[in-house]
Structures are given as C-alpha cells and as structure tokens.
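Enquirer: This is the structure I have questions about; it appears just below.
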C-alpha cells in the first residue's frame with residue numbers, strides 16, 4: 001500500500017510534528033497560563049472520543 005520511504009517519512013513527520021507541538025504548548029502555557037485553564041480536560045475528552053470511535057468500529061466490523 002505504501003512504500004518503505006513513505007512510511008519512514010510519515011513516522012519521522014509524526015515524531016517531529018508532535019515534538020514541536022508539545023514544546024510550543026509548554027512554552028505558551030508558562031507565558032500565558034490564563035489561556036490554558038481546562039485544556040487537560042479537552043485533551044482527555046478528545047482521547048475518549050477517539051477511543052470510543054475505534055471501539056465502535058471494532059465491534060461493528062464483521
């Protein structure tokens with residue numbers, strides 16, 4: 001489906017992108033804490049929704 005080079009690029013992109021996003025989030029959170037109140041609840045809610053979608057998909061696929 002995907003070539004080896006495409007998979008390596010996708011994996012590298014995901015790792016670098018996630019690292020940059022986490023570093024930026026931490027920097028902004030220390031500089032402007034008022035904007036980030038309750039952000040952990042939003043992240044947990046998004047994770048729960050994604051897990052529920054995968055669970056529903058696994059239970060309904062035959």
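We did not get these values from a lab; they are worked out from the coordinates using the rules stated. What you see is a predicted model, and the numbers here were worked out from it, not measured in a lab. As a convention, Cβ positions derive from the backbone with ideal geometry for all residues, glycine included, and neighbour counts pool all protein chains shown.
Enquirer: Expressed as an acute angle from 0 to 90° and rounded to the nearest 10, what is the orientation of the C-alpha long axis of helix 4-31 relative to the principal long axis of the chain?
Expert: Between the helix axis and the principal axis of the chain, the angle is about 20 degrees.
Enquirer: I've got another one for you. Using only the Cα atoms of the stretch 10-62, what do you get for the radius of gyration and for Dmax, in Å?
Expert: 15.5, 50
Enquirer: Test of understanding: what is the full-extension gain from residue 54 to residue 39, defined as 0.36 nm times their sequence separation minus their Cα-Cα distance?
Expert: That pair, residue 54 and residue 39, stretches by 3.1 nm at full extension.
Enquirer: Working from Cα positions, state the angle (0 to 90°, nearest 10) between the long axis of helix 39-60 and the longest principal axis of the chain.
Expert: The answer is roughly 10 degrees.
Enquirer: Quick one: 2, 9, fewest Cβ neighbours within 10 Å first, how do they rank?
Expert: The order, fewest Cβ neighbours first, is 2, 9.
Enquirer: Let me ask you something else. Report the paramagnetic label zone for residue 28: residues of the stretch 41-59 whose backbone N is under 14 Å from a point 7 Å from Cα along the Cα-to-Cβ axis.
Expert: It comes to 43, nothing else.
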